[in-house]
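Encoded as structure tokens, the structure appears first; notes follow it.
The values are calculated or read from the model by the stated rules, or taken from the named source; none is laboratory data. The structure presented is a predicted model; accordingly, all values stated were derived computationally and were not measured. Cβ placement follows ideal geometry from the backbone for every residue including glycine, while neighbour counts extend to all protein chains displayed. Only protein heavy atoms, including side chains, enter the accessible area calculation; ligands, DNA and RNA are left aside. Shrake-Rupley method; radii C 1.70, N 1.55, O 1.52, S 1.80 Å.
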2 protein chains.
Amino acid sequence: MANMDPIPVRVFSLNCWGIRYLSKYCSQRYHMIGDMLCKEKHDIVLLQEVWSEKDYLFLKKKLSCTHPYTHYFKSGVIGSGLAIFSKYRIHDTLLYRYSLNGYPYMAHHGDWFGGKAVGMAVLSLGNLTANVYVTHLHAEYNREKDSYLAHRVVQAWELQQFIRHTSAGADVVILGGDLNMHPQDLGNRLLRSYTGLRDAYTETAKFDGCEGGVTLIADNPFISKKEIFPFEKGIRIDYVLFKGSSRAEIRCDSLSTTKGSVADSPFPYSDHEALTAELKLDSCVSAEAGKDEAFKTPDSSAGNLAELVDIVTEARTEVKVGLHCAERMRYTAARTGVMGLALLFLELVIAAVPWFALGAEQPFPQTSFYLLAALCFAILLTTSLLYIFYTIEIKSLQGAEDQMRLAVGSLHEKLRGFPVTQPHSASLRSPEGQDPPALDPVE
Amino acid sequence: MANMDPIPVRVFSLNCWGIRYLSKYCSQRYHMIGDMLCKEKHDIVLLQEVWSEKDYLFLKKKLSCTHPYTHYFKSGVIGSGLAIFSKYRIHDTLLYRYSLNGYPYMAHHGDWFGGKAVGMAVLSLGNLTANVYVTHLHAEYNREKDSYLAHRVVQAWELQQFIRHTSAGADVVILGGDLNMHPQDLGNRLLRSYTGLRDAYTETAKFDGCEGGVTLIADNPFISKKEIFPFEKGIRIDYVLFKGSSRAEIRCDSLSTTKGSVADSPFPYSDHEALTAELKLDSCVSAEAGKDEAFKTPDSSAGNLAELVDIVTEARTEVKVGLHCAERMRYTAARTGVMGLALLFLELVIAAVPWFALGAEQPFPQTSFYLLAALCFAILLTTSLLYIFYTIEIKSLQGAEDQMRLAVGSLHEKLRGFPVTQPHSASLRSPEGQDPPALDPVE
């Protein structure tokens, strides 16, 4: 490949909805996906929710000619569900597991069981090094009363931290996946403004797909209206994001999505629509020397920094709200556990009375005694497990909040380097409608 | 600070052995540690095994004047035990949890309960950016028959991956901690050769400490001879490692360790010896432009690459051995579970007989019936949990092995770029005494 020619890179991203025996037409859809990928020959294919390794191996075999390089990100019992197929050699991969991912007892939501993570693969595209990320964040089940908001914000925080810290050596960065966030949601703003990643949908001049770029649509037969209510036209939660560096430029020539159906097929590939982005990479020959500071916080103008402070502060507030909830839940678990223990103690005392007053009759029928004891033990076991679980949740939320406090402190210090008469200094107020969290002095 | 003057950086590392109520003289030792750190005023203090947040907060308060910037890495129920105190502002932190860390049922070893991880902090040292890492790997309890070897190798692998991928934007890298590996152990070689990190002990001209730099010594009253057998003089498992970049040079002027006792005190700071490294940082003015490829694999000569292939292949073999063990254990768990189920089934059948043959007597005394049923349930629960646990272990080992295979493939390709007549091509043989694992063609 000539050094000066722009490198075209076609990136594909799809949430495959691949829960064996539960997702509808799972195996037929994998056959369709495999056929399509074989035919389309994208350069980089990023898949999510490939929960079964068998399905991954099926695709691997099917795509062995078109996509010789591939990696399945293993994690937890079920796996991360993340897979990457590439025409280009994958030099290295790394998986980062998010510290929070819902609650095990919300089994009907199921997110906790899949080890949500972000996978990274280092590829050589011509003479450029690309860090390609694929991820899938916790789903949003109820937008009005979103009990997973803090978890998703922490995931978005960890995602931007991971990308920012691992991409300094890359010429270009590409992220594809199901973020489960609307374009202007807090986590999404956090991700984009901290990393400088640009959204293929808003960046491209040529878009072919559903109105507004939505990827969860009412026209998809696997989607119930309830899932996307009140957004009748659907919601945009799947993304291809990208950014260049001082050593390479990247732009999106076109973006297309599927539209809820596949020609000559009775059903679509998945419940999500698939994204295909045509990117163009240009290496900058006269890259400036030394470290690429701008790469880390893309536009370090005072205005942008102040906006970033706003967003991180908003995220911190959400994490604090989540922390408060988790602490309350842990307290409830502890209280219930103590009540279970008291009940067990009471039972033992009552049962022990006849032992001491030898003449008295045993007041407990034996079966009731065993059943009550079993109930007490069940309560103790459950509340102990919940207590441990909430403790882990609290630690993770505290950890994220600590990191955010450090980040705000560091951003504030950078801001102090700018003339104080900037109009943007006013934007240090906290987001509307929220109690302004005190910015503690950084430790 | 003048741009051209070398920046002196004193780094301190100590495994604090801070298990409340279990470690001897825990609170007295924290007082001693706090006093010493206050007096010594190191630039960067890296602590491990600070298991209690209360102890961290005690140190934080005590060091608030000398070390205004600090971070405690929270993770899991107990935490990671990792803490950093710094004279310089910490801009950002990130925690990476290792995917494997021993077995929960080896409660007497306890490693599983502490969330072993590597913590990273981004610091500004003068005009330089330093990525400082602190970590603590799984302990080695029996060198002859080390059942945790695969886990420690995977941890070392993940550690080098994390450092390599997050440090490309840093001018200097400093790692301190308890690696629980001897200097020439596989994981240590893997870490050093892949990241290019240099060992302060071997690099410095001026060393003051125990012979051989050992940090677990027989003279320490908290150490039993058994722990370090057969190494009578002790073992070196705590390290300060460092590397520079094309933008900065780093050297170690001197290294010192404690020697098992503290003047005017009846006992030492910990069961490990403390390390103090005096580093000198020099920014390179005429840094070459563009990306610092050499930063990633420090010396990409054919010889070094071939050595790296050897080491990664050796690590892969160990991981495969671990995988084999884990699969065997999972099989045993499954078999025991099936036996428990069969026993329960048998019991129910025997108990059900009188129901059908109405005249027959109940063959089971009620108490025995309940006890046996409880036993069966306990077997089923335990084996199910073990099965899930081993499945996670297997997935993690497979994940690490997949990454290693990719890495070997990528290294091989780089090697192919060199003239084939290199004498080092012979070093592609596998390490002595081990069955050479076939290098599958990279996916």
Hull-based mean projected area of the range B:1-96, where the convex hull spans the alpha carbons, in square nanometres: 7.0
If you take the Cα Rg of the range A:133-273 and divide it by 2.2 N^0.38 Å, with N the number of residues, what do you get? 1.09
Choose one answer from B:346, B:255, B:197: the residue with the largest mean-square fluctuation in a GNM of chain B with alpha-carbon springs under 10 Å. B:346
Residues with beta-carbon under 10 Å from that of residue A:255, excluding residue A:255: net charge, scoring Lys, Arg +1 and Asp, Glu -1? -4
Can you give the accessible area per residue of the range A:1-128, in Å², using a 1.4 Å probe? 37
Once you wrap a convex hull around the alpha carbon atoms of the range B:199-275, what is its projected area averaged over all directions, in nm²? 5.8
I'd like the carbon and sulfur percentage of the solvent accessible area for the range A:7-284, probe radius 1.4 Å, heavy atoms only, ligands and nucleic acids excluded. 53
Label spacing, shortest first and in nm, from residue A:221 to its equivalents in the remaining copies (7 angstrom along Cα→Cβ): 7.9
Qualifying GluC sites (Glu not before Pro) in the range B:307-394, DSSP loop, other Cβ atoms within 10 Å at most 11: B:361
Quick check on the protein assembly as shown: take the gyration tensor over C-alpha atoms, sort the square-rooted eigenvalues as a ≥ b ≥ c, and tell me if it's rounded (a/c under 1.5), prolate or oblate. rounded
In Hz, Karplus ³J(HN,Hα) per residue of the range B:235-240 (6.51, -1.76, 1.60; θ = phi - 60°; x = Gly, Pro): 10, 9, 10, 9, 9, 10
On the formula 1/(1 + (r/R0)^6), with r taken between the Cβ atoms of residue B:342 and residue B:388 and R0 of 30 Å, the FRET efficiency rounded to 0.05 is 0.90
Please identify, among A:398, A:184, A:155, the residue showing maximal mean-square fluctuation in a Gaussian network model of chain A using a 10 angstrom Cα cutoff. A:184
For the range A:7-284: span of alpha carbons on each principal axis (Å, largest first): 48, 41, 38
Contact-by-burial set, the range B:161-176, min loss 40 Å², accessible area of protein heavy atoms with 1.4 Å probe, reference chain alone, gives B:165, B:169
Ignoring ligands and nucleic acids, chains B and A bury, in total, an accessible area (1.4 Å probe) to the nearest 100 Å² of about 5300
What lysines sit close enough to residue B:62 to cross-link, taking a C-alpha to C-alpha distance under 24 Å and skipping anything fewer than 8 places away on the same chain? A:395, B:24, B:39, B:41, B:54, B:74, B:87
Would you be so kind as to list the residues of the range A:50-71 that have their accessible area lowered by at least 10 Å² in the full protein complex compared with their chain by itself (1.4 Å probe)? A:53, A:60, A:68, A:69, A:70, A:71
Counting pairs of alpha carbon atoms under 8 Å apart in space and at least six apart in sequence, what relative contact order in percent does chain B give? 15
Residue (of A:162, A:322, B:239) at the positive-pole extreme of the protein assembly as shown, dipole from beta-carbon charges: A:322
Kindly point out which whole DSSP H helices in chain B project their C-alpha atoms 20 angstrom or further along the helix axis while averaging a Kyte-Doolittle hydropathy of 0.0 or above. B:302-356, B:366-416
Between beta-carbons, use under 11 Å as the cut-off and find the net charge around residue B:206, counting Lys and Arg +1, Asp and Glu -1. -4
Using protein chains only (no ligands, no nucleic acids) and a 1.4 Å probe, work out which residues of the range A:393-414 have their accessible area cut by at least 40 Å² relative to the chain alone. A:395, A:402, A:403, A:406, A:410, A:413
Aspartates and glutamates with Cα under 19 Å of residue A:280, excluding same-chain neighbours fewer than 8 positions away: A:5, A:40, A:43, A:171, A:199, A:203, A:208, A:249, A:253
Among A:238, A:43, A:178, which one shows the highest mean-square fluctuation when chain A is modelled as a Gaussian network with alpha-carbon springs under 10 Å? A:43
Count the DSSP beta bridges whose two residues both fall in the range B:7-284, then state the antiparallel fraction as a percent rounded to the nearest 5. 75
Using helices alone, I'd like the mean residue ellipticity at 222 nm for chain A: each DSSP H run of four-plus residues gives -39500 (n - 2.57), total over residue count, nearest 500. -13000 deg cm²/dmol
Counting other Cβ atoms within 10 Å, keep those with at most 14, restrict to DSSP loop, and tell me which trypsin sites (Lys or Arg not before Pro) in the range A:98-176 are left. A:143, A:145
